[in-house]
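S.K.: What follows is a single structure, and I will ask about it in a moment.
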Amino acid sequence: PNCKGLPADAPVLILLPGLTGGSQDSYVKWMAKEAYAIGIRPVVFNARGCADSPVTSAQFYSAGFTEDMREVVELHRARYPRAPLLACGWSLGANILTNYVAEEGDACALAGAVSLCNPFDLLLCNQALQEGFSRIY
């Protein structure tokens, strides 16, 4: 949504889609629309190489790579210094989010974070994806 009508101190909600997801996914669009409807500024974190974004460096995204999340948080903290920063991640996006929050610790700039369907044990989840019907995914 076009957020130009929101005040500068409107909360910012950073949305982190799941594996290969991005701003074009229906669940992300829905959350962005609902957030905007209640006065929250949605921002979608499109990971490197996802959502039709080109890969322009040797660094790919992964659950353990949190530098891009850090950049997104810092950019929006500078752009909206009076706005609380929030984040919501799904699946691998949730894993990136929880890793970021853990790394930042008490210095974390987020006022709140929600982790949805987080594959906390990535090895176990990968093994499950190799079996049965999950192989199609």
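The values are calculated or read from the model by the stated rules, or taken from the named source; none is laboratory data. Quantities reported herein were computed from a predicted structural model and do not represent experimental measurements. Methodologically, a virtual Cβ is constructed for each residue, glycine included, from the backbone with ideal geometry; neighbour enumeration extends over all protein chains shown.
S.K.: Among the numbered criteria (1) touching a Phe, Trp or Tyr at 6+ places or on another chain (Cβ under 7 Å); (2) under 26 Å from residue 4 (Cβ atoms); (3) at pLDDT below 95; (4) surrounded by 20 or more Cβ atoms within 10 Å (Cβ to Cβ), which single criterion is violated by residue 66?
M.R.: Result: residue 66 fails condition (2) only.
S.K.: Could I ask something else about it? Suppose we keep only residues that are touching a helix residue (DSSP H, G or I) at 6+ places or on another chain (Cβ under 7 Å) and either small (Gly, Ala, Ser) or surrounded by fewer than 15 Cβ atoms within 10 Å (Cβ to Cβ) (or both) within the stretch 82-119. Which one would you say is nearest to residue 18 (Cα to Cα)?
M.R.: Restricting to residues being touching a helix residue (DSSP H, G or I) at 6+ places or on another chain (Cβ under 7 Å) and either small (Gly, Ala, Ser) or surrounded by fewer than 15 Cβ atoms within 10 Å (Cβ to Cβ) (or both), the top hit is 89.
S.K.: For the stretch 58-76, indicate whether the set of residues that are free of Cβ contacts under 8 Å to residues at least 24 places away in the same chain, more than 21 Å from residue 125 (Cβ to Cβ), of a type outside the set (A, V, I, L, M, F, W, C) and part of a loop (DSSP other than H, G, I, E, B) is non-empty.
M.R.: Looking through the stretch 58-76, at least one residue is free of Cβ contacts under 8 Å to residues at least 24 places away in the same chain, more than 21 Å from residue 125 (Cβ to Cβ), of a type outside the set (A, V, I, L, M, F, W, C) and part of a loop (DSSP other than H, G, I, E, B).
S.K.: What are the pairs with Cβ atoms under 8 angstrom where one residue, in the stretch 88-112, is farther than 12 Å from residue 69 by Cβ and touching a residue at least 60 places away in the same chain (Cβ under 8 Å) and the other, located anywhere, is surrounded by fewer than 17 Cβ atoms within 10 Å (Cβ to Cβ) and among the hydroxyl-bearing types (Ser, Thr, Tyr)? Sequence gap at least six, or different chains.
M.R.: 90/27
S.K.: Would you check if there is a residue in the stretch 49-56 being within 21 Å of residue 28 (Cα to Cα), assigned to a strand (DSSP E or B) and either among the hydrophobic types (A, V, I, L, M, F, W, C) or touching a residue at least 24 places away in the same chain (Cβ under 8 Å) (or both)?
M.R.: No, the conditions are met nowhere in the stretch 49-56.
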